[in-house]
Amino acid sequence: MRHTLIFHTINIARKLQQRVSFRDTHLPLSYSQALTLITLRLKKSLSQNELALILYLSPASVVTLIDELEKLGLVKREIPSDDRRRYSIVLTKKGQRKAIAIRDLTYKLDDFLKDKLQARHNRSFHLNLNKIDHYLDQWKGGEK
């Protein structure tokens with residue numbers, strides 16, 4: 001099988017996950033859990049449905065994800081005063097600290113990789129990633 005853009009990109013993504021290693025010995029996290037913490041740190045509070053849309057996960061998967069993070073003491077569910085039928089998901093203090101640690105580690109690796117790439121290659125790389133992201137949103141399966 002030829003080395004396609006798809007498999008090459010997935011391989012790089014796996015290497016990145018290993019290097020960042022959200023699964024440290026103190027508090028092991030999956031990529032989805034780490035991304036949830038980072039997202040909540042930026043947004044402050046989200047419903048489970050909003051989180052599902054942002055993370056490209058099913059609502060049922062997000063329920064399980066939030067349950068796991070809640071057991072770890074990283075998030076909590078709050079009932080907003082304006083709508084008692086839904087929950088808002090917010091970070092705990094422990095969750096805030098973990099989100100900052102994840103952010104710092106990813107920035108450190110990002111800076112390392114940017115230092116290795118020449119400035120023009122770095123700009124080109126980001127431009128191409130944005131194009132790929134946009135094209136993936138347009139792709140309709142086997143249609144051209």
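Okay, residues lined up against (1) more than 25 Å from Leu40 (Cα to Cα); (2) modelled with pLDDT under 85; (3) among the β-branched types (Val, Ile, Thr):
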| site | (1), (2), (3) |
| --- | --- |
| Gln96 | no, no, no |
| Asp104 | no, no, no |
| Leu117 | yes, yes, no |
| Asn130 | no, no, no |
| Asp137 | no, yes, no |
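Do we find a residue being at pLDDT 90 or above, under 15 Å from the mean Cα position of the chain (by Cα), part of a helix (DSSP H, G or I) and among the small types (Gly, Ala, Ser) anywhere in segment 9-24?
no
The values are calculated or read from the model by the stated rules, or taken from the named source; none is laboratory data. In this text, all values refer to a predicted model and were calculated from it rather than measured experimentally.
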